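> Pasting a structure below so you can have a look.
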Amino acid sequence: MNASLHAELRVLARIWIALLALAASTIGLALLPLGKGNAAAALVIALAKAGLVLAWFMELRERYPVLRATCVLSAAMLFILAALSAVDYLGRAPATLHDTVPAVDRPSAPFTPR
Amino acid sequence: MSTLATQGSYLQDGYTLKSWLLTHDHKRIAILYAVSITAFFMLGGAAAGIMRLELVTPQGDLVGDDTYNKLFTAHGVIMVWLFLIPSIPSVLGNFLIPLMLGARDLAFPRLNLLSWYLYVAGGLLTVAALLLGGVDTGWTFYTPFSTMFSNTHVILTLFGVFVTGFSSILTGLNFIVTVHTLRAPGMGWFDMPLFVWANYATSIILVLATPVLAITLVLLAAERLFGVGIFDPALGGDPLLFQHLFWFYSHPAVYIMVLPAMGVVSEIIPCFAQRRIFGYRMMAYAILAIAVLGFLVWGHHMFVSGQSMYANMVFSMLSFLVAVPSAIKVFNWLSTLYKGSIRLAAPMLYALGFVGLFALGGLTGLFLASLTIDVHVTDTYFVVAHFHYIMVGGAVMAYLGALHFWWPKITGRLYPEGWARAAAILVFFGFNLTFFPQFLLGYDGMPRRYHSYPPEFQVMHVLSSAGATILAVGYLLPLCYLGWSWFRGQPASPDPWHARGLEWQTSSPPPTHNFAVQPPGGRDPYAYPDGGES
Amino acid sequence: MNDSLSILSPAASAFAHRTDTLFLTLAGLALFILLVLAATAVFFCIKYRAGSRASRAGVPLDAPRLEWTWTIAILLAFLALFAWSAHDYSGMTKASADAEPIYVVARQWVWTVQHAGGRREIDELHVPAGRPVRLLMTSQDAVHSLYLPALRVKQDVLPGRYTTLNFRADVPGRYPLLCAEYCGTEHASMAGGLIVMPPEDYARWQAGAAIEDGLRRQGLALFREHGCVGCHGRGSTVRAPSLDGLFGRRVALQDGSAVVADENYLRDSILVPAKQVAAGYAPVMPSYAGQLSEQELTALAEYLRNPGATPPSESQHP
Amino acid sequence: MNAAAGIDADRRYRARLGMWVFLATELLFVGPLFVGYAHARLSAPDAFVQAARHSSLWLGSINTLLLLTSSFTMAAAVAARRHGALSATRRLLTLTIALGLAFLAIKGFEYAHDLSEGLLPGPDFRAPTGTEPGAAQRYFFLYFLCTGVHAVHLAIGLVLLAVLRSRIASDADAPLRGEITALYWHFIDVVWIFLFPAFYLVGRAS
Ligand code: HEO
Ligand code: HEM
Ligand SMILES: [Cu+2]
């Protein structure tokens, strides 16, 4: 029994080391000037770390496909929210003619929050 | 489960207030919900009544602009979050899902009670906001009006809706886990009644969409408190981001309101046609398809909002797609009448009324999904008519139908059939008279949220208000005769309609633990004489 | 389509007629479908009422072939409807290069319109008939929505951003102009008129702007001559309130009250400055009573309505 | 099924499914904040990055280390309890709680520092030099909201852990409870895994 516990702990420790390594690498990469690559690298590494935590610490590798489906479905919905909003945001025509439109000012502090 | 045979019904399991307020029994919690949502329905209805009265004359003479704005906001907030969203799931879903699955209770009975308390707390917070002077943002809370310009009790209302949202989430979670883990031994997914399917799909939406609303409300409140945030254009924020987040919840929310209604109708029609539902599998798939596709179309509320025209095209097309499974369902309900043995009892009248009004409301949804028509009629009474057709004509009809259908099971009493039929017919006509003129008003250019309007619209408004009076009577009638029958009605047998679902196999009203012996799974919930065997 | 279809409100553009056509087609289709559905339901309810003698042999439990047929048929019908409306819509959003630009600023609860020729108007929108128009719109506060029912168009007007609305009105006349996006207390009265004029009339109407402009330029000249700039100008050393954007605003006064800076306030401030002193300023302004004629006062007021918009020279923006 | 004593497989499945569905809602609760973040960053790429430099890289990195480690100790505690190693479980839980508290302490210190710099959005906001005030306010609005929501979750997690620890031996349900609490704790870790690069690593390369 103790032997199997030790085996289990060894696996978990390995995941932990991997996580720390990934954390170190994401900090390292953030310090290098990669332009747009910085954001991409940060995202990819974060996804990898999350994957490790989900699969091992949260035991998603185990039996129950329904648990995996729950995880995937919710992530998919979040993705849909981002993706279809992006279709709007990135597809908007650039606002032109700024300077010809009368300047706009707004009343300041028109209310007290309730 | 051994001594159940001698036990009384769940209603006899204690008469004290405490035995109700601390109960973990899903059936009693359902009753708690029924009472509280009825109270909120009256409140929301009262607001609607005053609005209809105001709109009888073109001048804003009965109530002023400010009051009117607060009325439609209160009406929308109450009807959507405190009445319609919890209605069928929390009352009938709570009561029936364990019975239909052959289970003793939901998966997490204590969570179920907590969910009711959250609902009541959220409701009271919202009502408190109304008592303190009201809110005037509309149920949509569009920013920057709600964050920077409205001088009313926005934050309290947001908090009320936020808390109510968690009640929804917990109910959804409970249903999902119940359906996955508490089906009677041997009951496969396709042995479940469509009512359970519908509530299962609804729960998926509740669980995945409601948190988005919750965090959006937090963002709104924070923005109002700090005077900065991500929506405020004054500092480079984007009000359309709010609209995206709001409708990402609120479009799926309309399917939260209608899917359970579809589930109800899918039980009532086979029973009163005494035949199996037509195309059971297709119906189940259509329910799931609506739930999932419903997440893809929210942008159709934003066609003139300044959203990019590519997004408009995409959302318009997806809106047409989401209508396909609804159409399938309409055809299948009608096909279920074919070669049945039809009795036009009160629940059946409500169910057929639902099909008709949902079809008309849904078809006008297609008008709105068409870009150029929506550009003209968005934010007019056409939209008001569209959603009332589905929500009031459809979902409320179905809720009333369900109350009648399962009334003998819930209370152990029969209601007076003549009165019930009269009320169903009255509601149908009153409803059409109230809301059909609004389609014409809308296309002629009458904007919504106006307390005064040009005189040429008066005729239609008067018709609409007259209809609302009839509708109000139609809604009050069931309250009276159902209340009467609770005490004086004839005792009901376990299965007064000759229905086949598991819930009819136990006594009326059911015992606390639902079934005397664990019923077998794997039986056909639609094993009617005309459909089951032949 | 023509106006004999009186169930619909008058349509004043070709685009409005196209929208009406789509609407009426859809309405016909919906009516037809509803009638078929209702007829079927009634027929079944009678023929198969409980106890009737109609044959119940061979009840279909499902009919996959039939179900898939109608599913696909509906899908195709829906896609056709989408294509139709999307086609019309892309026509509507296309801006034509020679469109007349008109600027619209919305605020609670008025519409301010400025034409390229310099003419300004409030709660009214004059446009030439038969010529493409492009509205460029923004809001100073909440979201509003400019709605022209006779043209079957509307577009939300957002703060911090410009939205555009393209249309061509064809039939001269006066039509409603409404706010369709709820924007606060007086939302329902944020209304006005769309005036479609024959192009010659529109040109003449635009020329009215020249008079107005002349007045404003005279006002600017007076503002300089009488030394107003000395104190109220940008680089001035004397502490006096800036008059940019003053008009129409609430002004807090020394005595704790507040007034709206309308024409009368301006007039009083010039003639009897000590009467209403703006909070936070010393009462140092001299009176100009007797130095300015009524006409000159009007010119000053006209200038002060919007000092920023006054063209400094003869040159006009395009 | 697992050899774990006393947990009947059905109940274990039900509890875990319940927790997972709850975590799904949690994902959609915090997710929109990231959508808002992406929007704010895309709308003003340079100004946003400039503002982001004013978060504390050191404290953020240390907190990342603490939280990742606490996730490991939590997972180890679950494994130990499953194998009946009670005292090891208790020690690992203590360690997890300590790491969580340390995280909160550092976070609190960081907040205090931010507040003293006038970085709380609102009327008294002082934009750090070299940043555009609007974008800076929006960055710090999101920063406070996201890390605040995260910290609240973490505090709730700590309460759950404390309860769990006090009952670890007496309660027959403890192994199951432990697994469920662990799922929640790991989820908090996952959220931080995304918050860290989003708020601490932006704009460091220059
Ligand atoms: C329960 C509520 C509910 C439901 C189920 C629906 C269902 C639909 N809705 Fe509606 N809606 C609802 C509630 C609302 N809608 C709104 C607004 C709204 C808008 C934006 C309007 C605007 O503000 O400009 C659009 C475009 C739609 C489209 C649709 C479509 C395409 C469907 C489809 O799902 C309908 C599918 C059903 C059909 C199609 C009928 C049956 C089919 C038959 C009979 C088949 C035969 C047909 C053919 C062959 C053509 N809705 C608003 C306004 C919110 C606000 O602004 O305050 C609300 C509350
Ligand atoms: C008794 C029957 C009802 C009547 C007479 C009625 C009437 C009205 C009226 C007059 C408006 C205002 C339109 C406007 O000014 O824009 C309105 C809005 C609304 N109603 Fe109803 N209503 C009824 C029932 C319901 C029910 C049961 C619901 C359930 C969901 C509902 C949901 C709404 C919503 C969401 C709005 C929009 C509120 C807003 O714009 O903020 N109504 N209704
Ligand atoms: Cu919708």
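The numbers here are math on the coordinates, done by the rules we state, and not lab data. This one's a predicted model, so the numbers in the text were calculated from it and none came from an experiment. Virtual Cβ from ideal backbone geometry, glycine too; neighbours counted across all protein chains shown.
> Within region B:428-455, which residues have the backbone N less than 13 Å from the label spot 7 Å out from B:THR57 along Cα→beta-carbon, could you tell me?
Residues B:452-453 qualify, since their backbone N sits under 13 Å from the label point.
> If you take every DSSP beta bridge whose two residues both sit in region C:100-207, what share of them, in percent to the nearest 5, is antiparallel? Show your work: numbers first, answer last.
Values: 27 of 40 bridges.
That works out to approximately 70 percent antiparallel.
> In degrees, nearest 10, range 0 to 90: what is the angle between the Cα axis of helix B:309-337 and the longest Cα principal axis of chain B?
Between helix and principal axis, roughly 30 degrees.
> Using label points projected 7 Å from each Cα along Cα→Cβ, tell me how many nm separate D:LEU101 and B:ALA128, to one decimal.
Output for this residue pair reads 3.4 nm.
> Pull out a ≥ b ≥ c, the square roots of the eigenvalues of the alpha-carbon gyration tensor of region C:215-310, then state rounded if a/c is under 1.5, prolate if not and a/b is larger than b/c, and oblate in the remaining case.
Numbers: a/c = 1.40, a/b = 1.35, b/c = 1.04.
Rounded is the answer for region C:215-310, as its axis ratio a/c remains below 1.5.
> Here is a follow-up. Using the Karplus curve 6.51 cos²θ - 1.76 cosθ + 1.60 with θ = phi - 60°, work out ³J(HN,Hα) for each residue of region D:13-23 in order, rounded to whole Hz, and write x for Gly and Pro.
Here the 3J(HN,Hα) series is 5, 4, 5, 5, 4, x, 5, 5, 5, 4, 5 Hz.
> Is the shape of region B:17-501 rounded, prolate or oblate, going by the alpha carbon gyration tensor and its root eigenvalues a ≥ b ≥ c, with a/c under 1.5 for rounded and a/b larger than b/c for prolate?
Values: a/c = 1.45, a/b = 1.34, b/c = 1.08.
In terms of gyration-tensor shape, rounded.
> Roughly how tilted is helix C:14-47, in degrees to the nearest 10 and between 0 and 90, from the longest Cα axis of chain C?
30
> Computed over the Cα atoms of region A:1-58, what is the convex hull's projected area averaged over all directions, in nm²? Write out the running numbers ahead of the final one.
Numbers: hull surface 15.6 nm².
The directionally averaged projection comes out at 3.9 nm².
> Additional query: Over 39 Å apart: what share of the alpha carbon pairs of chain C falls there, rounded to a whole percent?
Percent of Cα pairs beyond 39 Å in chain C: 38.
> So what's the gap between the Cα centers of region B:380-427 and region B:197-221, to the nearest angstrom?
26
> I would also like to ask the following. Would region C:134-185 count as rounded, prolate or oblate if I go by the C-alpha gyration tensor, calling it rounded below 1.5 in a/c and otherwise prolate when a/b exceeds b/c, oblate otherwise?
On the way: a/c = 2.97, a/b = 1.59, b/c = 1.87.
Taking the square roots of the gyration eigenvalues as a ≥ b ≥ c, region C:134-185 is oblate.
> On to the next question. Can you list the HN-Hα couplings for region D:31-41, worked out from phi with the Karplus curve (6.51, -1.76, 1.60; θ = phi - 60°), rounded to whole Hz and with x for Gly and Pro?
Karplus-based 3J(HN,Hα) across region D:31-41 equals x, x, 4, 6, 4, x, 4, 4, 4, 4, 6 Hz.
> Could you pull the Cα extents of the protein assembly as shown along its three principal axes, largest to smallest, in whole Å?
107, 77, 54
> So, how do all the Cα-to-Cα distances of chain D break down into 5 Å bins, in percent, from 0 on up?
1, 7, 15, 17, 16, 13, 10, 8, 6, 4, 3, 1, 0
> Just to confirm the filter: which trypsin sites (Lys or Arg not before Pro) across region A:23-62 are DSSP coil and have at most 14 other Cβ within 10 angstrom of their Cβ?
Taking region A:23-62 and a limit of 14 other Cβ atoms within 10 Å, the loop trypsin sites (Lys or Arg not before Pro) found are A:ARG61.
> Can I ask one more? Looking at region B:35-70, which chymotrypsin sites (Phe, Trp or Tyr not before Pro) are DSSP coil and have at most 11 other C-beta atoms within 10 Å of their C-beta? Don't jump to the answer; show the numbers that get you there.
Working: sites: B:PHE40, B:PHE41, B:TYR68; in loops: none.
Filter output for region B:35-70: empty list.
> Next up: May I ask you to derive the relative contact order of chain C, considering only C-alpha pairs under 8 Å and at least 6 residues apart, and to give it as an integer percent? Intermediate results must be reported in sequence, preceding the final value.
Details: 467 pairs, mean separation 44.7, N = 318.
Reported as a whole number, the value is 14 percent.
> When DSSP assigns beta bridges and you keep just the ones with both residues in the protein assembly as shown, what percent turn out antiparallel, to the nearest 5?
Numbers: 34 of 48 bridges.
That works out to approximately 70 percent antiparallel.
> Then there's this: Calculate the dipole size of region C:154-277 relative to its Cα centre from +1 charges on Lys and Arg beta carbons and -1 charges on Asp and Glu beta carbons; express the result in debye to the nearest 20.
Working: 14 positive and 14 negative charges, 71 e Å.
Dipole of region C:154-277, to the nearest 20 debye: 340 debye.
> On a C-alpha basis, how far is the centre of region C:254-307 from the centre of region B:120-182 in Å? Whole number, if you could?
49
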